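For reference, the structure is listed below as structure tokens.
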Amino acid sequence: MNVIETKLPGVVILKLKVSSDQRSFFVETFRETTLRETGINETFVQDNHSRSSKGILRGLHYQLIQPPGKLVRVSRGKVFDVAVDVRKGSPTFGQWVGCVLDDESLHMMYIPPGYAHGFVVLSEVADFIYSCTHYYHAESEQCIAWNDPDIGIEWPISDVSLSAKDQSAPRLAQQPAENLPSYSKPSAK
């Protein structure tokens, strides 16, 4: 597994080793020891699987109580996946990274707690799978507008379909301070 660092601390893209031949392919998508070797020292407690059609945009979401880290991948189709640093006090607050995840490259992305997450479907249909380090806590879920001009995400498509919750999401600057996770400086090693 190769690890590609991004400009956001802790957000990494994981290039998996794919074995293929004339029959098809095999890929190991989870091995705790391999993740630990990459620096992801988390215990995953919940797996989620969503299926969405082209143009569906889910996000930008984050959770205040027991914020999860997410290990995300696509088993069918293609999405543009995004992480946004929403930790108040962070040196990279309001910055974003994005990458294409699909069923050909089989790359994964790890998004640590404290980041908002979202994706838009680029293929006719996509199956999106993500493992979480904490259980979903609906009451503490928060949203940020997907098209917040202050964040400036360069989504590859503009004709998107949103849930009612995502349509009414505030801009990051409109989010009350108590609705944002706090940044903690990494401890010196």
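The rows are residues; the columns are (1) touching a Phe, Trp or Tyr at 6+ places or on another chain (Cβ under 7 Å); (2) modelled with pLDDT under 95; (3) not aromatic (F, W, Y).
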position	(1), (2), (3)
D81	yes, no, yes
F93	no, no, no
M108	no, no, yes
G118	yes, no, yes
D127	no, no, yes
C143	no, no, yes
D148	no, no, yes
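Test L60 against the criterion of being farther than 15 Å from S75 by Cα, assigned to a strand (DSSP E or B) and of a type in the set (A, V, I, L, M), and give yes or no. Taking the combined requirement at face value, the residue satisfies it. Counting residues in region 6-23 that are more than 15 Å from the chain's Cα centre (by Cα) and under 25 Å from A173 (Cα atoms) gives zero. Among the residues of region 4-42, those that are modelled with pLDDT under 90, closer than 15 Å to S105 by Cα and of a type in the set (V, I, T) comprise V18, V27, T29.
The single condition among (1) in contact (Cβ under 8 Å) with a residue 40 or more places away in the chain; (2) over 27 Å from S163 (Cα atoms); (3) surrounded by fewer than 12 Cβ atoms within 10 Å (Cβ to Cβ) that P9 does not meet is (3).
Within region 146-157, residues that are in contact (Cβ under 8 Å) with a residue 12 or more places away in the chain sit with their Cβ atoms under 6 Å from residues that are part of a loop (DSSP other than H, G, I, E, B), at 6+ positions apart or across chains, in these pairs: D148/R171; I151/G94. Just checking, which of F119, F80, F93, F30 is of a type in the set (F, W, Y) and over 20 Å from E154 (Cβ atoms)? Result of the check over F119, F80, F93, F30: F30. Could you list, in sequence order, the residues of region 58-80 that are closer than 17 Å to R171 by Cβ and either touching a helix residue (DSSP H, G or I) at 6+ places or on another chain (Cβ under 6 Å) or surrounded by 24 or more Cβ atoms within 10 Å (Cβ to Cβ) (or both)? Listed by number, the residues that qualify are L60, Y62. Here is the figure for region 68-79: residues that are under 25 Å from V160 (Cβ atoms) and assigned to a loop (DSSP other than H, G, I, E, B) total 2.
Checked against (1) over 16 Å from the mean Cα position of the chain (by Cα); (2) under 20 Å from R87 (Cβ atoms), E124 meets all criteria but (2). What number of residues within region 20-55 are part of a strand (DSSP E or B), out of contact with any Phe, Trp or Tyr (no Cβ under 9 Å at 6 or more places or on another chain) and either touching a residue at least 12 places away in the same chain (Cβ under 8 Å) or closer than 18 Å to N2 by Cβ (or both)? Going through region 20-55 one residue at a time, the tally reaches 4. Scanning for something touching a Cys at 6+ places or on another chain (Cβ under 9 Å) and of a type in the set (K, R), does region 161-173 turn up at least one residue? Checked region 161-173: at least one residue is touching a Cys at 6+ places or on another chain (Cβ under 9 Å) and of a type in the set (K, R). Residue check: is P176 over 27 Å from V45 (Cβ atoms), out of contact with any strand residue (DSSP E or B) (no Cβ under 6 Å at 6 or more places or on another chain) and not charged (D, E, K, R)? The answer is yes for P176.
The values are calculated or read from the model by the stated rules, or taken from the named source; none is laboratory data. On a predicted model such as this, the values are computed, not experimentally measured, just so you know. A quick note on method: Cβ atoms are made from the backbone with ideal geometry, for glycine too, and the neighbour counts reach across all protein chains shown.
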